[in-house]
Amino acid sequence: MVASLSPIPSSAIDRVTTDTRNAALDALKRYFGHDSFRPLQEAIISDALAGRDVFALLPTGGGKSLCYQLPAVLSDGLTVVISPLIALMKDQVDGLTENGVAATFLNSSLARDEARKRYAKLFAGDYKVLYVAPERLMLSGFLDDLRQWNTCRFAVDEAHCISEWGHDFRPEYRQLAELRRRFPDTPFMALTATATERVRSDIVKQLNLRDPTDYVASFNRPNLAYRVEPKQAVFRQIQKFVNARPYESGIIYCYSRKSAEQTADRLRQEGVEALPYHAGMTPLQRSKNQEAFIRDEVKVICATIAFGMGIDKPNVRYVIHQDIPKNIEGYYQETGRAGRDGLPSECVLYFSPGDVAKQLQFIADKSDPQEREVANDQLRKMVHYAESSHCRREVLLDYFSEKWPEDNCGNCDNCNQPKETFDGTVAAQKFMSCIFRVQKASGFGVGINHIVDVLLGSRNEKVLKWGHDRLSTYDIGGEHKRAEWQYFGRELIRRDFVFQDSEAYGALSLTAKGVAALRDRTPITLTKLPVSDNALQRDRQRSSGGIECDEDLFAILRSLRKELADEQGVPPYIVFSDVSLREMARYFPTNEEKFSEISGVGYKKLEAYGDAFIEAITEYIIANPDARDEWS
Ligand code: ADP
Ligand code: ZN
C-alpha cells in the first residue's frame with residue numbers, strides 16, 4: 001500500500017489509539033521541543049509503535065531521524081540504528097543527549113576504554129538508542145549481545161545502500177539480510193531520501209520486511225527558492241550574492257577541484273570566510289574544513305560534488321551552482337542540502353550555454369556509446385530545467401514522476417517574474433528555413449552557431465567555403481543579437497521544432513513538427529533572452545515560511561549559541577536551530593514558561609540553556625525598550 005503525502009491514510013489513523021497519539025505528541029514536545037509532526041511522521045511513528053515493519057521515503061529535511069528516535073523514547077528496550085555515515089553518528093548522539101535521550105554509538109573511531117565503558121552501560125540497559133555501522137554486526141558475538149541488550153527495534157538509515165540498483169550500493173549492507181534472519185520477530189524500519197521504484201522493492205525484499213506500509217512523501221521542498229541566472233562574470237555574481245548574506249551559511253558547487261580552490265581563494269581575498277572541499281585534498285584537510293563549516297566558523301564552502309553526504313547542518317541557507325550539473329538527480333540532491341530546518345533558503349544556478357558545449361565535448365569523448373547516450377539525455381534534461389520558462393519546481397518534480405498541482409509555486413524565478421515573451425513567428429521562420437536551406441544546398445546538417453553565422457551574414461571561412469553566403473537566408477537576421485539567436489534556437493530545440501543530433505556534433509535538422517510549422521507559418525511565441533538582474537532580494541521577501549524577527553537580537557543569540565556550543569565541543573545547531581533562535585527573537589520570552597513554548601525547546605534544553613538565553617533576551621529588552629513593540 002502506498003500512502004501519499006496528505007491526508008494521512010485513514011487505516012493508519014484507525015490504528016492510532018488516542019493514547020499512543022497523545023503519548024507521541026507529549027514526547028515530541030518534551031524531548032524534541034516540537035509542537036507538531038511533519039507530513040507522514042505521525043503515521044510512520046504509530047506504525048512503528050504498533051510493532052509493524054515500515055518503509056519510509058522522505059526527502060532530505062523531511063525529518064527521518066525523528067521517525068525512529070521518538071518510538072525509541074516510548075519503547076522498552078534498545079533501538080539499534082544502522083547507518084553507513086560514521087561521521088554523523090557523533091552528531092546524532094550529541095543531539096539526542098542534548099534532548100535528554102540516552103544514546104550512544106559504537107564504531108572504529110572509539111578508544112578501547114571508551115568502547116568498554118559503553119558496552120558496560122549497554123549491558124546495564126542504560127541506553128535507548130545505539131548507532132552502529134553495518135560492519136559491526138558481523139563482529140563475532142555482536143548479534144548475541146544485541147539480544148542481551150533487549151533490542152526492540154532496528155532502524156536502517158540510508159536504506160538504499162542495500163540495493164545494487166541504487167546509486168550508493170554498499171556491500172556491507174547486504175549483511176542486514178542475515179540480521180533479519182536472526183531477528184525475525186523484531187520490527188524493522190527502513191528509511192531513505194532517494195530510491196527509485198526498483199530500489200524500493202529491492203529494499204523491501206532484501207530486508208524481508210513484513211507487509212510494510214510504503215510511506216512516500218512528496219519530493220517538493222516548499223522552503224527552497226529556485227532561480228537560474230545567466231552566467232556572466234560569475235565570480236562577481238557570486239561575490240555580490242554572498243556579500244548580501246553576510247551571516248548566512250552556503251555551499252558553492254564547482255565543476256572542478258581547481259575552480260573550487262580558486263573560488264574559495266578569491267572569496268577569501270575579498271574578505272569572505274570561505275574554504276574549499278574536494279576529493280583532491282587529504283582526508284584530514286577535508287574534515288577540518290567541513291568541521292569549520294559545521295561549527296559556523298566559515299560561512300562558505302566551495303566544493304565539488306564530493307561534499308554533502310556526511311553533513312547534517314540544518315541551516316545551510318543557500319546552494320549555488322557555479323557550473324551546470326550533469327543531471328537533475330544530482331542537482332536535486334545538492335540543492336536539497338539547503339534549508340533542512342524548513343526556513344526559506346535559496347538555490348541558484350549560474351547558467352551559460354558555453355558550459356553546456358564543454359560538457360557535450362566531455363561526453364563525446366567517452367568511448368561507450370550507451371554511456372554517451374545516457375549522459376546526453378541527462379544533460380538535455382538539465383539544460384531544459386535551466387532554460388525552461390516553466391515553474392522550476394514543476395520541472396524538478398516531473399523528473400521524479402511527481403505532478404506539481406499548481407500553476408504558480410510562488411517560490412521560483414519563473415513563477416515570481418515570468419520571462420517576457422514575444423511573437424516569435426518571424427524569428428522562428430527565419431531560423432528554421434535557414435536550417436532547411438543549408439541542408440538542401442549542402443546535403444548535410446550544421447550546428448547552431450553556423451546557422452546563426454548565416455543569419456547574421458558572417459563572412460567566416462566555413463560560410464564562404466560552403467557558399468552559404470549565397471543562400472536566401474544569408475544576412476536576414478540583423479534585428480537580433482547573436483546571443484538572442486542562439487537562445488531562440490535552443491528554445492526551438494527544446495520545444496521539438498528542431499532536432500539536435502548529439503552524435504553528429506550537434507547538427508540541426510527540422511522535425512516533422514518543425515517542417516509543418518515552417519510550411520503553415522504556425523504562430524510561435526518565443527521567450528526573450530533574459531537580462532541578468534539580481535532580483536533575489538525580491539524573491540527572498542516573498543518566499544514561504546520565513547520567520548521574521550528582530551535581526552539584532554537574532555545576531556546576539558547566535559553568538560551566545562556559538563559560545564555555548566564551543567564550550568561543549570558540539571556544532572551550534574546541536575544547541576538550538578535557527579528556527580528556535582528566530583522564534584526567540586520574535587516572541588522575546590523572558591520566563592521559563594514562555595521560553596518552553598519556543599519550537600525546539602524540550603525539557604532538557606530548558607534546563608541547560610533557558611537561563612542564559614532568557615538573560616540575553618532580558619538584557620536586550622532593557623537596552624532597547626521599544627524593540628518588542630514592533631513584534632507584539
Ligand atoms: P532528514 O534526515 O530526513 O534529512 P532530519 O531528521 O535531519 O531530516 O531533520 C531535519 C530537521 O528537521 C532537523 O533540524 C529536525 O530537528 C527538524 N525536524 C524534524 N521533525 C520536526 C518536526 N516535527 N517539527 C519541527 N522540526 C522538525
Ligand atoms: Zn515555480
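For q values of 0.14, 0.17, 0.24 Å⁻¹, compute log₁₀ I(q)/I(0) with the Debye formula on a Cα-only model of region 13-123, without solvent.
Reported log10 I(q)/I(0), two decimals: -0.62, -0.89, -1.51.
If you plug each phi of region 604-615 into the Karplus form 6.51 cos²θ - 1.76 cosθ + 1.60 with θ = phi - 60°, what whole-Hz ³J(HN,Hα) values come out, in order, with x for Gly and Pro?
6, 6, 4, 4, 6, 10, x, 4, 4, 6, 4, 5
Quick check: pseudo-label points 7 Å beyond the Cα along Cα→Cβ at R494 and E291, how many nm apart are they?
Label at R494, label at E291, 4.5 nm between them.
Under 20 Å from a label point 7 Å along Cα→Cβ of H167: give me every residue in region 185-218 with its amide N that close.
It comes to 191-204, 216-218, nothing else.
Starting from 0.36 nm per residue, how many nanometres of slack lie between W631 and E479 once their C-alpha separation is accounted for?
On the way: separation 152, 0.36 × 152 = 54.72 nm, distance 5.42 nm.
Computed gain between W631 and E479 is 49.3 nm.
Which value, in nm² and rounded to one decimal, describes the direction-averaged projected area of the C-alpha convex hull of region 182-307? Intermediate results must be reported in sequence, preceding the final value.
Details: hull surface 47.5 nm².
The directionally averaged projection comes out at 11.9 nm².
Work out how far the C-alpha atoms of region 2-216 reach from end to end along every principal axis, then list the three figures in whole Å, largest first.
In descending order, the Cα extents are 49, 40, 29 Å.
Please turn the phi angles of region 586-592 into ³J(HN,Hα) values with the Karplus equation 6.51 cos²θ - 1.76 cosθ + 1.60 (θ = phi - 60°), one per residue in order, whole Hz, x for glycine and proline.
So the J values, rounded to whole Hz, are 10, 9, 6, x, 10, 9, 4.
Taking the Kirkwood radius as the inverse of the mean 1/r across Cα pairs, report the Rg/Rh of region 224-416.
On the way: Rg = 16.6 Å, Rh = 17.3 Å.
Rg/Rh: 0.96.
Given that compact globular proteins tend to follow 2.2 N^0.38 Å, what is the ratio of the alpha-carbon Rg of region 421-527 to that value?
Working: Rg = 12.6 Å, N = 107, 2.2 N^0.38 = 13.0 Å.
Against the empirical 2.2 N^0.38 Å value, I get 0.97 for region 421-527.
Once the cut-off is 16 Å, how many percent of the Cα-Cα pairs in region 100-216 end up in the long-distance tail? Mind showing how you got there, number by number?
Details: 4213 of 6786 pairs.
Roughly 62 percent, once rounded to a whole number.
Tell me the Rg and the Dmax, in Å, that the Cα atoms of region 551-631 produce.
11.8, 37
Which aspartates and glutamates have a Cα less than 17 Å from the Cα of K205, not counting those fewer than 8 places away in the same chain?
D53, D157, E158, E164, E172, E178, D185, E197, D214
Computed over the Cα atoms of the chain, what is the ratio Rg over Rh, Rh following Kirkwood?
Numbers: Rg = 27.8 Å, Rh = 27.3 Å.
Over the Cα atoms of the chain, Rg/Rh equals 1.02.
Could you check the simple spin-label distance between K240 and D145, using points 7 Å along Cα→Cβ, in nm with one decimal?
Inter-label distance under the simple model: 5.8 nm.
Using only helices, what value at 222 nm comes out for the chain when you add -39,500 (n - 2.57) per DSSP H run of length 4 or more and divide by the total residues, to the nearest 500 deg cm²/dmol?
Roughly -13500 deg cm²/dmol at 222 nm, from the helical runs in the chain.
So how compact is region 124-181: Cα radius of gyration and Dmax in angstrom?
When restricted to Cα atoms, region 124-181 yields Rg and Dmax of 12.5, 41 Å.
Under a plain spin-label model, where a point goes 7 Å from the Cα along Cα-to-Cβ, how far apart in nm are D520 and I305?
Those two pseudo-labels are separated by 4.1 nm.
Heavy atoms only, probe 1.4 Å: what % of the accessible area of the chain goes to carbon and sulfur, would you let me know?
Values: 14240 of 28540 Å².
Of all accessible area on the chain, carbon and sulfur atoms account for 50 percent.
Quick check: the distance between the Cα centres of region 364-435 and region 321-335, to the nearest angstrom?
Measuring centre to centre over Cα atoms gives 14 Å.
Hey, which of these cross-link pairs are over 27 Å Cα-Cα: K358/K440; K29/K313; K430/K465; K462/K513? If you can, show how the numbers build up before the last one.
On the way: K358/K440 29 Å; K29/K313 22 Å; K430/K465 22 Å; K462/K513 29 Å.
Cα-Cα > 27 Å for K358/K440; K462/K513; rest within.
Under 12 Å between alpha carbons, and skipping anything fewer than 8 positions from K231 in its own chain: which aspartates and glutamates qualify?
D323, D355, D533
The values are calculated or read from the model by the stated rules, or taken from the named source; none is laboratory data. Remember, it's a predicted structure, so these values are computed and weren't measured experimentally. Using ideal geometry, Cβ is built from the backbone for each residue, glycine included, and neighbour counts are taken over all protein chains shown. The protein model used for the area step is the full one, side chains on, heavy atoms only, and it has no ligands, DNA or RNA in it. Shrake-Rupley method; radii C 1.70, N 1.55, O 1.52, S 1.80 Å.
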